[in-house]
Amino acid sequence: MQENWYVYIVQCRGGLYYTGITNDIERRIKAHNLGKGARFTSGRRPVKLVHHERHPNKSSARKREIQIKDWRRAKKEWLAVSGNIQETRHRTK
């Protein structure tokens, strides 16, 4: 059985964005909101899921996470609002 992995973006209190990966989005968002997620989000609660993408494996999800983390804020906002996955793979920072 193949396990899906997800890249996700949450918006934190103050409007900052955090990008991560997980194999259980619901559990991970709950952890962030309980202060048990990433150190970055623990002091910026609550967080709100604004985007997610499914990937076939952890390696693929991690590569996409690294790509998104390299983006500027405006591009992350564009992705969160548009939900457009395909086009983002070819846009520049």
Task: Estimated dipole of the chain in Debye, rounded to 20 [Cβ of Lys and Arg +1, of Asp and Glu -1, Cα centre] - done: 380 debye
Open item on the list: As a test question: what accessible area, to the nearest 10 Å², does THR22 have when a 1.4 Å probe is rolled over all protein chains in place?
Closed with: 10 Å²
- [ ] Run the numbers on the chain and let me know its relative contact order in percent, using alpha-carbon pairs under 8 Å that are six or more apart.
- [x] 31 percent
Open item on the list: Check which residues have an amide H placed less than 5 Å from HIS51's amide H, if you skip close sequence neighbours.
Closed with: ILE9
Task: Long-range lysine pairs (8 or more apart or interchain), the chain, Cα under 23 Å - done: 20
Open item on the list: Suppose all protein chains stay in the model; what accessible area per residue would a 1.4 Å probe give for the chain, in Å²?
Closed with: 63 Å²
- [ ] Can you bin the stretch 1-43 into rounded, prolate or oblate? Criterion: square roots of the alpha carbon gyration tensor eigenvalues sorted a ≥ b ≥ c, rounded for a/c under 1.5, prolate for a/b above b/c, oblate for the rest.
- [x] prolate
- [ ] Pick out, from THR19, PHE40, TRP5, the residue whose Cα sits farthest towards the positive end of the charge dipole of the chain, with +1 on the Cβ of Lys and Arg and -1 on the Cβ of Asp and Glu.
- [x] PHE40
Open item on the list: Let me make sure I get this right: for the chain, a, b and c are the square roots of the gyration tensor eigenvalues over alpha carbons, sorted descending. Under 1.5 in a/c it's rounded, otherwise prolate if a/b > b/c, else oblate. Which is it?
Closed with: oblate
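The values are calculated or read from the model by the stated rules, or taken from the named source; none is laboratory data. Keep in mind that this is a model prediction, so the values were computed, not measured. Because the Cβ atoms are built from the backbone with ideal geometry, glycine has one as well, and the counts that use them run over all protein chains shown. Protein only, heavy atoms only, side chains kept; ligands, DNA and RNA dropped before computing areas. Shrake-Rupley method; radii C 1.70, N 1.55, O 1.52, S 1.80 Å.
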